[in-house]
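Beneath this line is the structure, given in structure tokens, with notes to follow.
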Number of protein chains: 2
Amino acid sequence: MKRLNLLFIGFGIVGRGLAELLLEKEGMLKSRFDLEVKTVGICDLRWGTIVNDDGINLSKALKLVNSGKALTNYDSPAKRDLTSLEAIRETTSNVVVEATWTNIETGEPGLTHIREALKLGKHVATTNKGPIALAYKELISLAKVKGAQLRFEGTVMSGTPTFNLKWSCLAAAEVRRIVGILNGTTNFILTEMEKGLSYEEALHNAQELGYAEADPTLDVDGWDAAIKAVILANVLMDGNLSLKDVKRRGIRGISLEEVLSPIKQGCRLKLLVEVRRERSDIVAKVDLTPVPTTSILAGVSGPLNAMVMETDVLGDVTIIGPGAGRRPTGYALLNDILEISKHL
Amino acid sequence: MKRLNLLFIGFGIVGRGLAELLLEKEGMLKSRFDLEVKTVGICDLRWGTIVNDDGINLSKALKLVNSGKALTNYDSPAKRDLTSLEAIRETTSNVVVEATWTNIETGEPGLTHIREALKLGKHVATTNKGPIALAYKELISLAKVKGAQLRFEGTVMSGTPTFNLKWSCLAAAEVRRIVGILNGTTNFILTEMEKGLSYEEALHNAQELGYAEADPTLDVDGWDAAIKAVILANVLMDGNLSLKDVKRRGIRGISLEEVLSPIKQGCRLKLLVEVRRERSDIVAKVDLTPVPTTSILAGVSGPLNAMVMETDVLGDVTIIGPGAGRRPTGYALLNDILEISKHL
């Protein structure tokens, strides 16, 4: 039996999504993968910290947080007075799950958490886009030096296979270009507007359904899509891009006319990410693009995500699936953990 | 450096597709995967047999066959008088690439080749649908007992990730239902007919382009799709189906009216494979089905293939790519070989 000791840094929607899947699939992980996952700590800025190398009862911890109570109410032995960095250092965790919020300017606090974990030779699974967009090359080198694994499947399309698709299924293929619908919120808004809703009405619906934040800037101004472009460029096409290198356009305040007029030309308007090789450079952009109604990307409606990889051996390979959500993003982390266990 | 000794059984379009990729990617396989692949034999009913444990020059062998000459004209030392079974037994090959033609009634001669290789503890990579559709459970048990690997990525969508997608990227997910466009020939014919061509004209075009055989029975009567349904059911959903268990409908002689009338209802007609759980059974069918123009599958035109896996964690995940062709199918074998090398 392989044994992993998990430390959660961040116990919001995503961290709890993973926790639920770990409980749901505990028996399957043992029987099918000979894998036992023990949680030795949970740190969250809002819910507090509990660590215990003998194991934390995840079910109890989830119950507390889901009913709005701090982890400090956990009724079994656990240390409660550690910072997240102390927890990374002082627990027997060998896998750190970094699922704090994304900061696209500094990557913090996630970047410091990931650096610290890797420095100690601990494997990292993260859904945090900031550190991967800002410091992928540094972090992957550090991981190699320390013999640790850094996995981040959930940073682009939540649990929909992205990096694993390339690394496992297309390992001997070269990726020449990537085109995708990688922001579900804006794709949902555009789909709603095609039904005749105004931008404001469509945004309101997205907020009601939990697809958009109260401040929708990151999504509607194309920042989220641009971050994903940077990650794809640097990880899958060996680029060296920063956010400022990505030509970026969003959908804020787009008129109904702009959305509906392509339809008369047999197209649908999509916010596309494109990463491609241009001579020896990798270039990336986020742009509103009319795509023919008969094309595959035109069929990607609502909050769905899609990625087309143009390869040297298969031509275009397209993957489509959810791009967000508690369960899909939790699954990305579960898959990262499985991959980590395979390479132990 | 990991070393594999390869024996080709079948050196037609698919086998040669692999051979070309092995030459093209030789340097990359060494540098990126620390893998050296040596060819120790090639057996083909039409082109003859050459085996040499010191290595066959693939480039020379390809040149002969591509210019219509038998392998017996190979100008370097090699034994020439072996049957394929003797070559499997008598070479130092540790990977047998089975790429002979598909026989959906007996699976032969592929089934015997695969059985023999596995019995000797040799790993097998195959694109041959017959043996996998007819005898998957038997062969996979034999492989386990003998400590050999059996890989067959190319049997359903050529190199477009299918089994590896499930095993590597969706390992901890349960597949509840599979729906797909898994026969490129019929999808091409239907797409052509949407432009106003008759069935006969569209079939003729498919034959001209090499998408359909002179005798198109396997494709147009739905047999090929049904075989793939059996393979998916038995491999990915633990079914125990035979070809006779699949409700099957083809497109032979379909009228223009049948293809065009769904369009007026906002649909496109597709030949869909469906595999699903029905109480404790797995059921499969191949049927002509109108799909809404706005759906993802409606955008899958021409010879493309698509597979939708309905999962417990991500909902629907769709993969779209080529379903046939020398290079894509050769790539499926290359990926199988890489996977085999990873697990050595």
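Nothing in this text is a laboratory measurement; each read-out follows from the coordinates by a stated rule. Source: prediction; values computed, not measured. Because the Cβ atoms are built from the backbone with ideal geometry, glycine has one as well, and the counts that use them run over all protein chains shown.
Nm distances between the label at A:Gln265 and the same-position labels in the remaining copies, 7 Å along Cα→Cβ, shortest first?
Spacings between copies for this position, smallest first, are 3.3 nm.
Please compute, for peptide A:326-336, the average count of beta-carbon atoms on other protein chains lying within 10 Å of each residue's beta-carbon.
Neighbouring Cβ atoms belonging to other protein chains average 3 per residue here.
Cα axis of helix A:184-194 to longest principal axis of chain A: angle in degrees, 0 to 90, nearest 10?
30
Could you work out the equivalent-ellipsoid semi-axes for chain B, taking the square root of 5 times each eigenvalue of the Cα gyration tensor, largest first, in whole Å?
36, 23, 18
Say R0 is 35 Å: what FRET efficiency, to the nearest 0.05, do B:Met28 and A:Asn57 get from their beta-carbon distance?
0.15
Quote the relative contact order of segment A:171-322 in percent (integer), defining contacts as alpha-carbon pairs under 8 Å separated by 6+ residues.
35
Ranked by Cβ crowding within 10 angstrom, fewest neighbours first, how are B:Asp44, A:Asp245 ordered?
So the residues, fewest neighbours to most, are A:Asp245, B:Asp44.
To check you understand DSSP bridge types, tell me what percent of the beta bridges within the protein assembly as shown (both residues inside) are antiparallel, rounded to 5.
So the antiparallel bridges in the protein assembly as shown amount to around 65 percent.
Please report, in whole Å, how far the alpha carbons of the protein assembly as shown spread along each principal axis, starting with the longest.
Dimensions of the protein assembly as shown along the principal axes of its Cα atoms: 77, 57, 56 Å.
Positive end of the dipole of segment A:171-322, charges at C-beta (+1 Lys, Arg; -1 Asp, Glu), about the Cα centre: which of A:Gly184, A:Leu197, A:Leu271 has its Cα farthest in that direction?
About the Cα centre, the residue reaching furthest to the positive side is A:Leu271.
Taking Cα atoms, how many degrees apart are the long axis of helix B:199-208 and the longest axis of chain B, rounded to 10 and kept between 0 and 90?
That helix lies at roughly 20 degrees to the long axis.
Determine the distance separating the Cα centre of segment B:53-80 from the Cα centre of segment A:152-190; give it in Å without decimals.
A separation of 42 Å, based on Cα centres.
With runs of 4+ DSSP H residues as the only contributors, calculate the mean residue ellipticity of chain A at 222 nm using -39,500 (n - 2.57) per run, divided by the residue total and rounded to the nearest 500.
Per the formula, -11500 deg cm²/dmol.
Can you give the FRET efficiency to the nearest 0.05 for A:His204 and A:Asp281, using r as the Cβ-Cβ distance and R₀ = 35 Å?
0.30
Which residues' amide hydrogens lie under 5 Å from the amide hydrogen of B:Lys270, considering only partners 5 or more residues apart or on another chain, with H built in the peptide plane?
Residues meeting the amide H criterion: B:Thr289, B:Val291.
For chain A, modelled as a GNM with alpha-carbon contacts under 10 angstrom, which of A:Ser255, A:Ser84, A:Ser158 fluctuates the most?
A:Ser255
I need the calculated FRET efficiency for the pair B:Glu257 and A:Gln265, taking r as the beta carbon distance and R₀ as 30 Å, to the nearest 0.05.
It comes to 0.55.
Listing A:Thr106, B:Thr293 from the residue with the fewest other Cβ atoms within 10 Å to the one with the most, what is the order?
Neighbour counts put them in this order, fewest first: A:Thr106, B:Thr293.
Nm distances between the label at A:Asp54 and the same-position labels in the remaining copies, 7 Å along Cα→Cβ, shortest first?
From this label point to the equivalent ones elsewhere in the assembly: 6.8 nm.
Which whole-number percentage describes the relative contact order of segment B:58-148, with Cα contacts under 8 Å and a sequence gap of 6 or more?
Rounded, it is 24 percent for segment B:58-148.
Across peptide A:27-33, what mean number of C-beta atoms from other chains lies inside 10 Å of a residue's C-beta?
Across the residues of A:27-33, the mean count of other-chain Cβ atoms within 10 Å is 1.
Relative to the longest principal axis of chain A, what angle (0 to 90°, nearest 10) does the C-alpha long axis of helix A:326-342 take?
The two axes meet at around 60 degrees.
Between copies, how far does the label point of A:Ala214 sit from its twins, in nm, shortest first, when each point is 7 Å from Cα along Cα→Cβ?
Spacings between copies for this position, smallest first, are 7.4 nm.
Taking beta carbons within 10 Å but only from partner chains, what does the mean come to for residues B:158-170?
6
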